[in-house]
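Q: Can you read through this structure? Questions will come right after.
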Protein chains: 6
Amino acid sequence: MPYINVKLTPEGLTPQIKETLIADFTDILAKRLNKNPATTIVIIEEVETDNWGIGGHSVTRIREGN
Amino acid sequence: MPYINVKLTPEGLTPQIKETLIADFTDILAKRLNKNPATTIVIIEEVETDNWGIGGHSVTRIREGN
Amino acid sequence: MPYINVKLTPEGLTPQIKETLIADFTDILAKRLNKNPATTIVIIEEVETDNWGIGGHSVTRIREGN
Amino acid sequence: MPYINVKLTPEGLTPQIKETLIADFTDILAKRLNKNPATTIVIIEEVETDNWGIGGHSVTRIREGN
Amino acid sequence: MPYINVKLTPEGLTPQIKETLIADFTDILAKRLNKNPATTIVIIEEVETDNWGIGGHSVTRIREGN
Amino acid sequence: MPYINVKLTPEGLTPQIKETLIADFTDILAKRLNKNPATTIVIIEEVETDNWGIGGHSVTRIREGN
């Protein structure tokens, strides 16, 4: 029954990695809290670097500065 | 004043169906709780099947298995 | 598989009304998009009127003004 | 440490405006609550007008009616 | 029409500060994007320090360590 | 930089389990995607069983039926 929402910038998010993350997150809740995987939902949301801010700047700008 | 967020995989989500869902959800809160439709917000978020997990697998993989 | 999140101020949200809202929202997605109720999740979040703003004021203040 | 999620329809959301919004939101929490900008996250989500409902209609339809 | 969700730990969140944050966030979207305050929603969610993690630890534990 | 939001019903959510979940979720993103734990945020939201619906019923009612 749990619901997990993960927001990430898109780089590296291949279908295979997404499969792995879904399995990993579901397993944690099964192992730690005995939650039923059959009703555990994981939603991965990809957020462009222009739209993600930290430290008062977008990730786009932060990466340009590096 | 209510806020409703609906996350769905995209298949079948035509503009007409979205109009219908917006009307339906707004009507429920007006009918059940007398909420004012003028300030009821409905946001529909379409989540790709690679990004939606249930039962420890992505919906993409589950559908391939069927 | 759908996920519905409803945010509301708490007044009138009895257990019976919550049951009704859960049933109503689930039914809409079954009827309009043939979504399986067994994996449709509805989460109702109650937000205090101090914490809900519209028009630049909290609902607490708006109601005091009425 | 705060987390701010802003949902908007996409018109006018240039990279420069997004930078400005990220800075503005971060500054408010630093000024009002002394929150550390270094761990303040701002996520801007762009929602198409078909997917945003208010008053029981999509923003697409509302704008067509004007 | 915009929707802003702010998650914060509860310390310092008096009703007056919440009023101020609601006004500030609404003003930014009016000023930067000409968004109508009448339909701008701000929801402030207070998250206990046990339930907020950063750097792999809860804020409760991080503060104990200071 | 990632953001993880986990919604769960409250039973069993001791401070120690929450610490463990925060560490587990942060570790997964470090291991799978090389994400920096220092800016990985995990927020655990506890949802009462009256407010969580699945299969068209609240979890409260489902558990009463068992």
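The values are calculated or read from the model by the stated rules, or taken from the named source; none is laboratory data. Keep in mind that what you see is a predicted model, and the values were worked out from it rather than measured. Counting neighbours? That spans all protein chains shown, and the Cβs are built from the backbone with ideal geometry, glycine included. Only protein heavy atoms, including side chains, enter the accessible area calculation; ligands, DNA and RNA are left aside. Shrake-Rupley method; radii C 1.70, N 1.55, O 1.52, S 1.80 Å.
Q: Let me have the relative contact order for chain B, percent, based on Cα pairs under 8 Å that are six or more residues apart.
A: Taking the mean separation of contacting Cα pairs over the length of chain B, I get 43 percent.
Q: Given a Förster radius of 22 Å and the C-beta distance between F:Leu33 and B:Glu48 as r, what FRET efficiency does 1/(1 + (r/R0)^6) yield to the nearest 0.05?
A: Efficiency computed from Cβ-Cβ geometry: 0.80.
Q: Right, another one. Tell me, what is the per residue accessible area of the protein assembly as shown in Å², probe radius 1.4 Å?
A: Here the residues of the protein assembly as shown average 39 Å² of exposed surface.
Q: How far is the Cα center of the stretch D:45-66 from the Cα center of chain F, in Å?
A: About 32 Å separates the Cα centre of the stretch D:45-66 from the one of chain F.
Q: Taking a 29 Å limit on the Cα-Cα distance, which of the listed pairs C:Lys31/F:Lys18; B:Lys18/F:Lys31; C:Lys31/E:Lys7; C:Lys18/F:Lys35; D:Lys35/F:Lys7; B:Lys18/D:Lys35 fall beyond it?
A: C:Lys31/F:Lys18; B:Lys18/F:Lys31; C:Lys31/E:Lys7; C:Lys18/F:Lys35; B:Lys18/D:Lys35
Q: Now a separate question. Anything losing 40 Å² or more of accessible area from the isolated chain to the full protein assembly: pick those residues out of the stretch D:42-58, probe 1.4 Å, ligands and DNA/RNA ignored.
A: D:Ile43, D:Glu45, D:Asp50, D:Asn51, D:Trp52, D:Gly53, D:Ile54, D:Gly55, D:Gly56
Q: Further, regarding this structure: Report, in cubic angstrom per residue, the convex hull volume of the C-alpha atoms of the stretch E:3-65. Provide the component values of the computation, followed by the final result.
A: Numbers: hull volume 6.4 nm³, N = 63.
Dividing the Cα hull volume of the stretch E:3-65 by its residue count gives 102 Å³.
Q: Roll a 1.4 angstrom probe over the protein heavy atoms and tell me the percent of accessible area of chain C that is carbon or sulfur. Before the final figure, lay out the partial values.
A: On the way: 1280 of 2570 Å².
Whole-percent figure for carbon plus sulfur exposure: 50.
Q: Among DSSP beta bridges whose residues both lie in chain C, state the antiparallel percentage, nearest 5.
A: Taking every DSSP beta bridge within chain C, about 25 percent pair in antiparallel fashion.
Q: In the protein assembly as shown, what % of DSSP beta bridges are antiparallel (nearest 5)?
A: Values: 45 of 81 bridges.
Beta bridges within the protein assembly as shown, antiparallel portion: roughly 55 percent.
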